[in-house]
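Here's the structure we're looking at; comments come further down.
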Amino acid sequence: MNMLKSERLQYICRLVNEKGIVTAAEIMNALDVSDMTVRRDLDELEKSEKLIRIHGGAQSINYNIDYELSHTEKSAVNTAEKKEIAKEAAKLIKDKDTIFLGPGTTIELLAQEIAERNVRIVTNSLPVFEIISQHDPEHVILAGGNYRNHTGCFVGPLCSEVISRLKFSAAFISCNGLAETQITTSSIEEGQVQEIALNNAHKRYLLIDAHKFNREDFYVYYKLYNMDEIITDSSTKQDIISHYNQYIKITQKRKD
């Protein structure tokens, strides 16, 4: 697709505004341009305040989480931040702990961090189960039920029943958005399973990157003041940290 630069920038703006979040790979494929061209275009659009640059792509200025990205789409954005968070969260887990890991790409990176440790893991996330079971299948329990392909997790009455009977040293969850004290996701059933797990945990940790703050989605499944700690990445701005510190302790990965 041959376009003038001005046409290309307009196309990118329109695509980002339509989708909310767009990966660099999507833009490259749509316009048949190089990664370097996409990076330059996104940098220019950010400087003119037309969009927000995120790792792996771009986000609309007016982004409101009115639909849920697929598991594949989530895996492609903010990977550096998510890895920082996973490494910090892994420090909170002790050998022989029994922990719950919820669904989400950040949680999957945490699973990779602790896959070879002596920890019993309960999860309703198929990707998390697959990561742990490759290393030690005897130390992971998958709570089954109705499969939600969009996020790769199990939900529903059967899953909720299993989780309700278990107790955890700690639960690690993520979300689609955090607005003041409201932790939100797009799926009611997914939120309900995580609420049960959190209520059965001695310690409760919320793992979110900088772009999840001051965002909201469809279903509020937990209140921030009932959590023990937020783990976030080094790009989260200090005014955000200061604001949410009034509700909860925040651990932020320091910039190297």
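The values are calculated or read from the model by the stated rules, or taken from the named source; none is laboratory data. Being a predicted model, the structure only gives us computed values, none of them experimental. Here the Cβ is made from the backbone with ideal geometry for all residues, glycine too, and neighbour counts use every protein chain on show. Areas reflect the complete protein model, heavy atoms only, side chains present, ligands, DNA and RNA absent. Shrake-Rupley method; radii C 1.70, N 1.55, O 1.52, S 1.80 Å.
Observations, loosely collected:
- The set of residues in the range 44-56 that are at pLDDT below 90, open to solvent by less than 80 Å² (accessible area, probe 1.4 Å) and at negative phi comprises GLU46, SER48, LEU51, ILE52, ARG53, ILE54.
- Search result, residues across the range 120-149 that are assigned to a loop (DSSP other than H, G, I, E, B) and surrounded by fewer than 21 Cβ atoms within 10 Å (Cβ to Cβ): GLN134, HIS135, ASP136, GLY144, GLY145, ASN149
- Subset of the range 223-256 (residues that are of a type outside the set (A, V, I, L, M) and touching a Leu at 6+ places or on another chain (Cβ under 6 Å)): TYR247
- Taken over the range 179-194, the criterion of being in a helix (DSSP H, G or I) and crowded, with 17+ Cβ neighbours inside 10 Å is satisfied by GLU189, GLU190, GLY191, GLN192, VAL193, GLN194.
- Taking every residue in the range 1-13 that is open to solvent by 90 Å² or more (accessible area, probe 1.4 Å) and pairing it with any residue that is part of a loop (DSSP other than H, G, I, E, B), at least 6 positions away or on another chain, the pairs with Cβ-Cβ distances below 6 Å are MET1/ASP32.
- Among residues of the range 218-238 being hydrophobic (A, V, I, L, M, F, W, C) and assigned to a loop (DSSP other than H, G, I, E, B), the one that is nearest to SER186 (Cα to Cα) is PHE218.
- For the range 224-251, a residue qualifies if it is touching an Asp or Glu at 6+ places or on another chain (Cβ under 8 Å) and free of Cβ contacts under 8 Å to residues at least 60 places away in the same chain, and the qualifying residues are LEU224, THR236, ILE248, LYS249, ILE250.
- Scanning the range 150-163 for residues that are assigned to a loop (DSSP other than H, G, I, E, B) and either among the polar types (S, T, N, Q) or open to solvent by 30 Å² or more (accessible area, probe 1.4 Å) (or both) gives HIS150, THR151.
- The conditions of being open to solvent by less than 20 Å² (accessible area, probe 1.4 Å) and assigned to a strand (DSSP E or B) are met by PHE100.
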